[in-house]
Every structure is written in C-alpha cells, then in structure tokens.
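First the structure, in the form of structure tokens, and then the observations on it.
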Amino acid sequence: MIDGAQTRPRYDAVVVGARCAGAATALLLARQGLSVLVLDRDRHGADTLSTLALMRAGVLQLHRWGLLDRVRDLGTPAIKFTSFVYGDETITLPIKPRDGVDALYAPRRTLLDTLLADAAADAGADVVYGPRLVDLERSSDGRVIGAVIEGRDGVRRLVGADIVIGADGLRSTLARLVQAATYREGRHACGVVYTFWPGLEDSRSRWHYRAGVSAGVIPTNGGSALVFAAMPQPRFYEEIQSDLAAGYRRVVAECAPELADELAGKAPSERFRGFPGQPGLMRRSYGPGWALVGDAGYFKDPITAHGISDALRDAELLARAVGRGSDRALADYQSTRDELSHKLFEITDTIAGFGWDLDRLKPLHLDLSKTMNHEVEALLSFDA
Ligand SMILES: Cc1cc2nc3c(=O)[nH]c(=O)nc-3n(C[C@H](O)[C@H](O)[C@H](O)COP(=O)(O)OP(=O)(O)OC[C@H]3O[C@@H](n4cnc5c(N)ncnc54)[C@H](O)[C@@H]3O)c2cc1C
C-alpha cells in the first residue's frame, strides 16, 4: 500500500508496533470502521522476550474479541490450576470458569502477536512489517498529523493520520519524538532467565518463592513449559548474566528443589534467555494527534506477569477513546488506565524489590488478586 504510492497515503490512525498492544488496538479501531495502518519494524511471527503468562483479564479480552477459540486451536494448553509455593508450603487453586474464561493460557508470542495482527488485517487494517517510525509530521500548531516511516530500503515516506499511536514498546520512538514525560517510576527491577522444557505437567502453572528468589513453570504450546528463575537485579549482573545456564540452575535449585529434581537429567528445548530488569514507569500517554499504549506508556516489572494483559486492556480503553474522537477522551483514557494500574504498579514494584519474607509476600499476593478482580470487573462493565 505504501510502496510506490505517489500520492501521500492517509489513515484515520497509524499504529506503530504490531504486537499485543498495537495489533489489538488496530483490530479494535478497524472493527469500529476506521482506516488503520499498523506497522512493525520486526517480521511477522517474530519472537520476543516474555514468560508468556496471561492473567484472567487478558484471557477475558481474547474471549470478548472472539479470539480465544483461535488460541485454543493453536494447541495452547488450558491451565486449569495454579499453585503458589511459599518455601515448602503449596497452595493450589482451581481457575474458576467464569465469564467465558474456562482456564488461563500462555500462548507463545510468535502465535499470540501474530494472531492479533492477522485479526487486525481480517478487520480491514493494513498490516505492514519492515518499516519503522523515524519522525512525525506536525501542523503549525504542533499537532501530530502524520508519521515519517523508513522502509528496509532506507526510503522515507510520509503517511498522514488523524492520530499516530505508539505501541512501540518500552523504548518507544513515538514517546521520544513527542517528549512524553515520565510521571511515575518504580524503584526496583528483577533479573529473569528462562527457557523451555518438554514433558512437564501442562494443566497447572506453578509460582515458587523463597527469600530473594522466585521461579515458575508456565505450560505453553508445543508440549513445552516455560520455566523461569528470577532474582534481584544486582545478583543478575554480578552472578548470573556471565553464564545464564549455570545461574538459572542454581536459582531454580535454591528456590524450588523439587522442580530442580524434575529438570535434572533433562535438556531444555531452546536456548536460555535473560533479561536484566528495568524499573517500571508511567509516561504521559496522549497529546494532540498522538497516544501511547502498552509498554510504550506504562511498563512494570515482569515478576507479576501482567504486561500482556494490561496491553490488551489498554488497547480497548484507547480504541474507545479514539472512537469518541476528542482530546478529552484521550485524557480520560490515561486517567482510567492509571486508576486501574497504580495499585498493581505498587505491588509489582514491591515484589520486584525482593525485600519481602514469605509472611509479607502472601498478603501482597492477596492484594494483587483483589486488584486483578477489580480489573476484570472493569472490563466486564464494558459489555453492560
Ligand atoms: C523477560 C520478560 C518476561 C515477561 N513476562 C510476561 C508475562 O509472563 N506475562 C505478561 O503479561 N507480560 C510479560 N512481560 C511483559 C510483556 O512482554 C510486555 O508488557 C508486552 O510485550 C508489551 O507489549 P507491547 O505491544 O506494548 O510492546 P512490545 O511487545 O515491546 O512490542 C513493541 C513492538 O514495536 C515495534 N517497534 C518498536 N519501535 C518501532 C519503530 N520505531 N517503528 C516500528 N516498530 C517499532 C517492535 O518491533 C515490537 O514488535 C514480560 C516482559 C519481559 C521483558
């Protein structure tokens, strides 16, 4: 659509970034009948760093948008139970079937992000891989009125838009170009290392905690489970990053000896991936002719596994605001997002600091659970 166009293309919305936040936003805008271009500098189906777990709110969004069956059809295992293992004490909870959510799921990002982008294309959005946002076009009063994008051939093109949406992740180019101010920052970050193991139990996720460490088992596609090990960021830098495999084995053994026994003698099916951590942040996420969604506007430590679910929630908040068509609606988008997020941000930051003992961690998890229930209620109220 863009290549070779002599006249300048114009869309109601240009969305930069075609993963969970961007593809979902594009899908919902296209379903409203808007003309949408969603572009990503990466390739269709590319993987990204993630431990994959969707919380109830994320699964609910996929159900509400008619996409949960596609997730199941891809062979994503249904996680029917979740266990919290505090030291040697295990608390196992069933995932109660409710509101169309029969189980939790942790689809590979190669599948989930692609499924969302394909659904956006089915809804009429133009989905393009390869070009990247490099600059913005503005009117004389400073309003963003278009995106300058650069193809892999190095050629720059201008695409006009009523709104340019940055769903381009934590290091968002759009946030930089509009100088979006950061108004909340986390204090802590934790390091994480993960890989995939075949042949583990596939209907239960497990979250293990001991002082200073965490580990987890998250069943995903292909008969594998993702197993992660998490630790305070300084430990990641000092002891883990130089040899991810050895550091991972040490932390899993320290945190969850029975899990380490399960993995002993087995080989992971993929390479070890490490993330040193990054404190959370909230950025101003709207302005004249622009908005941010997903990690671009609101990032938190992955220890509570909530970024994808939040991205799917906020895609809908933003799409509704864009549909209302006023700058005021965009301001409401940010304030609703923040109202739903501040508590979770605080709890996540506290857990990521690893300053807790197990007696302190349990009430934090109860608070987290209440916050997540509130979020689910908020999403259900959209259908009322
Ligand atoms: C180690 C780790 C584990 C995690 N585990 C979980 C978990 O278990 N559960 C969970 O819910 N969340 C988890 N998260 C968080 C989750 O991955 C993110 O919140 C989520 O990916 C955010 O999605 P997004 O679409 O906003 O951004 P991203 O996934 O970062 O996607 C941004 C996209 O924008 C594209 N892009 C960037 N700049 C440009 C540009 N200039 N032009 C064009 N395209 C551009 C990129 O190519 C990319 O595809 C984890 C994160 C990490 C790092």
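The values are calculated or read from the model by the stated rules, or taken from the named source; none is laboratory data. Bear in mind the structure is a predicted one, so any value in this text is a computation, not a measurement. A quick note on method: Cβ atoms are made from the backbone with ideal geometry, for glycine too, and the neighbour counts reach across all protein chains shown. These area figures cover heavy atoms from the full protein model, side chains too; ligands, DNA and RNA do not enter into them. Shrake-Rupley method; radii C 1.70, N 1.55, O 1.52, S 1.80 Å.
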For Val164, which of the numbered conditions (1) within 25 Å of the chain's Cα centre (by Cα); (2) outside any strand (DSSP E or B) fails to hold? (2)
From the list Leu93, Leu49, Leu68, which one is open to solvent by less than 30 Å² (accessible area, probe 1.4 Å) and either closer than 24 Å to Cys255 by Cα or not β-branched (Val, Ile, Thr) (or both)? Leu68
With the checklist (1) open to solvent by 50 Å² or more (accessible area, probe 1.4 Å); (2) touching a Gly at 6+ places or on another chain (Cβ under 8 Å); (3) more than 15 Å from the ligand (Cβ to nearest atom) in hand, flag the one item Gln241 doesn't pass. (3)
For region 207-222, what are the residues that are of a type in the set (Gly, Ala, Ser) and open to solvent by less than 60 Å² (accessible area, probe 1.4 Å)? Gly212, Ser214, Ala215, Gly216
Would you say Leu366 is of a type outside the set (D, E, K, R), part of a helix (DSSP H, G or I), crowded, with 16+ Cβ neighbours inside 10 Å and away from the ligand (no atom under 16 Å from the Cβ)? no
Please tell me if Pro279 is in contact with a Lys or Arg (Cβ under 7 Å, 6 or more places away or on another chain) and more than 16 Å from the ligand (Cβ to nearest atom). no
Residues of region 111-148 being assigned to a helix (DSSP H, G or I), open to solvent by 30 Å² or more (accessible area, probe 1.4 Å) and not small (Gly, Ala, Ser), which ones? Leu111, Asp118, Asp122
Region 70-114, residues that are without any contact (Cβ under 8 Å) to a residue 60 or more places away in the chain and either β-branched (Val, Ile, Thr) or in contact with a His (Cβ under 7 Å, 6 or more places away or on another chain) (or both): Val71, Thr90, Ile91, Ile95, Gly100, Val101
Quick check on region 286-305. Is at least one of its residues under 27 Å from Ala215 (Cα atoms), among the hydroxyl-bearing types (Ser, Thr, Tyr) and open to solvent by 50 Å² or more (accessible area, probe 1.4 Å)? no
Within region 306-326, which residues are part of a helix (DSSP H, G or I) and surrounded by fewer than 16 Cβ atoms within 10 Å (Cβ to Cβ)? Gly323, Arg324
Of the criteria (1) within 28 Å of Glu89 (Cα to Cα); (2) under 20 Å from the mean Cα position of the chain (by Cα), which one Ala246 fails: (2)
Quick one: which residue in Ser50, Ser83 is of a type in the set (Gly, Ala, Ser) and away from the ligand (no atom under 15 Å from the Cβ)? Ser83
From the list Ala30, Ala13, Ala57, Ala78, pick out the single residue that is within 11 Å of the ligand (Cβ to nearest atom) and either of a type in the set (A, V, I, L, M, F, W, C) or in contact with a strand residue (DSSP E or B) (Cβ under 9 Å, 6 or more places away or on another chain) (or both). Ala57
Do the conditions hold for Gly22, that is, is it out of contact with any Leu (no Cβ under 7 Å at 6 or more places or on another chain) and either under 30 Å from Glu258 (Cβ atoms) or within 15 Å of the ligand (Cβ to nearest atom) (or both)? yes
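Residues checked against (1) of a type in the set (Phe, Trp, Tyr); (2) outside any strand (DSSP E or B):
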{"position": "Leu174", "(1), (2)": "no, yes"}
{"position": "Trp207", "(1), (2)": "yes, no"}
{"position": "Ala215", "(1), (2)": "no, no"}
{"position": "Ile218", "(1), (2)": "no, no"}
{"position": "Leu226", "(1), (2)": "no, no"}
Which of (1) open to solvent by 10 Å² or more (accessible area, probe 1.4 Å); (2) charged (D, E, K, R); (3) at pLDDT 95 or above is the odd one out, the single condition Asp202 does not satisfy? (3)
Filter the strands (runs of 3 or more DSSP E) completely within region 256-305 down to those with at least 2 residues that are in contact with a Ser or Thr (Cβ under 7 Å, 6 or more places away or on another chain). 281-283, 290-292
From the set of residues in region 149-198 that are open to solvent by less than 10 Å² (accessible area, probe 1.4 Å) and away from the ligand (no atom under 15 Å from the Cβ), which is farthest from Arg19 (Cα to Cα)? Trp197
